[in-house]
1. For the chain, what class follows from the C-alpha gyration tensor (a ≥ b ≥ c being the square roots of its eigenvalues): rounded when a/c is under 1.5, otherwise prolate if a/b is larger than b/c, else oblate?
2. Take the chain, mark every one of the trypsin sites (Lys or Arg not before Pro) that falls in a DSSP loop and has at most 13 other Cβ within 10 Å, then report the longest stretch left between them, sites excluded.
3. Give the aspartates and glutamates whose C-alpha is closer than 20 Å to that of residue 161, dropping any in the same chain fewer than 8 places away, or say none.
4. For the stretch 150-159, take each phi angle, set θ = phi - 60°, evaluate the Karplus expression 6.51 cos²θ - 1.76 cosθ + 1.60, and give the result in whole Hz per residue in order, putting x for glycine and proline.
5. Run down the aspartates and glutamates and flag those whose C-alpha is under 14 Å from the C-alpha of residue 125, throwing out any fewer than 8 positions away in its chain.
6. Among rounded, prolate and oblate, which fits the stretch 1-93 when a ≥ b ≥ c are the square roots of the eigenvalues of its C-alpha gyration tensor, a/c under 1.5 means rounded, and a/b larger than b/c means prolate?
7. Provide the percentage of antiparallel DSSP beta bridges, counting only those with both residues in the stretch 97-162; round to the nearest 5.
8. Please arrange 65, 25 by counting, for each residue, the other beta carbons lying within 10 Å of its beta carbon, fewest first.
Amino acid sequence: MQKKHSKNHPELHTFLRGHGYRVTTGRKAILTVLSDIDIHLSADDIYQKIHKRYPYIGFTTIYRTLELLERMGIVSKLDFGDGRARYEIADGLTKKPHHHHLVCLHCRRVIDYTDFIKEELEFLKRAEKGLTEKYNFAIESHVIQFYGACEQCFQRNEKHKE
C-alpha cells in the first residue's frame, strides 16, 4: 500500500461547488482518503480510516457521499467479485492515468496496470469504433478487469501440483 502525497484536492472541491454541492468535512475526508491511497477501498475501509480522525462522521454519511460522488463521476465504483464494492477517484480527475485491473481469485489482490500492450490498445480502439457505429453510442470510458492468479498464488499452486 503506497501513500501518495496528500494535498487539498482543489480541483475536486471546485467540481463539487460547480455542481451546487458544499464541500463538507465528510466529503473532503473521503476525497482525501481515496486520493492518498493506491488501493481500492470499500465503504467500510473508508469509514475505518475516517472514523479515527472524525468520529462524528457515520457510516451512512460515507455511503451516501460515495453514492453522490459516483453519480457525479468523481469516484468510480468497482466490483471485483468478492461481494464488496470498492471505490477509486475516477479517471481524468487526478494525475493517475487510465488503467485496467488484474484481480487474483485466490488472494483477492488487485493490480492496476497502465502499460497496455500494443494489441490491447488496437483491439480497444477497434471495439469502441465498432460499437459506436453499430449502436450509435458515444463511448466515454470503459472498465476492464482480468481475473486469474497473481504470480505468488500461481507459483504456490504450481508447487502443490508437484
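1. Values: a/c = 2.20, a/b = 1.24, b/c = 1.77.
Oblate, since a/c reaches 1.5 and b/c is not below a/b.
2. Formally, the longest exposed-site-free interval is 23-94.
3. Counting by Cα, and skipping residues close in sequence, residue 161 has these aspartates and glutamates nearby: 151.
4. For the stretch 150-159, the Karplus-derived couplings read 5, 4, 5, 5, 4, 5, 4, 5, 5, 5 Hz, x marking Gly and Pro.
5. Answer for residue 125, where 14 Å is the Cα cut-off: 133, 140, listed by chain and number.
6. Working: a/c = 1.27, a/b = 1.18, b/c = 1.08.
Cα axes put the stretch 1-93 in the rounded bin.
7. Values: 4 of 8 bridges.
Around 50 percent antiparallel, to the nearest 5.
8. Values: 65 21, 25 14.
Starting with the residue having the fewest Cβ neighbours, the order is 25, 65.
Here, each number is a calculation from the coordinates, and none is a lab measurement. What you are looking at is a predicted structure, and each value in this text was computed from that prediction instead of being measured. Using ideal geometry, Cβ is built from the backbone for each residue, glycine included, and neighbour counts are taken over all protein chains shown.
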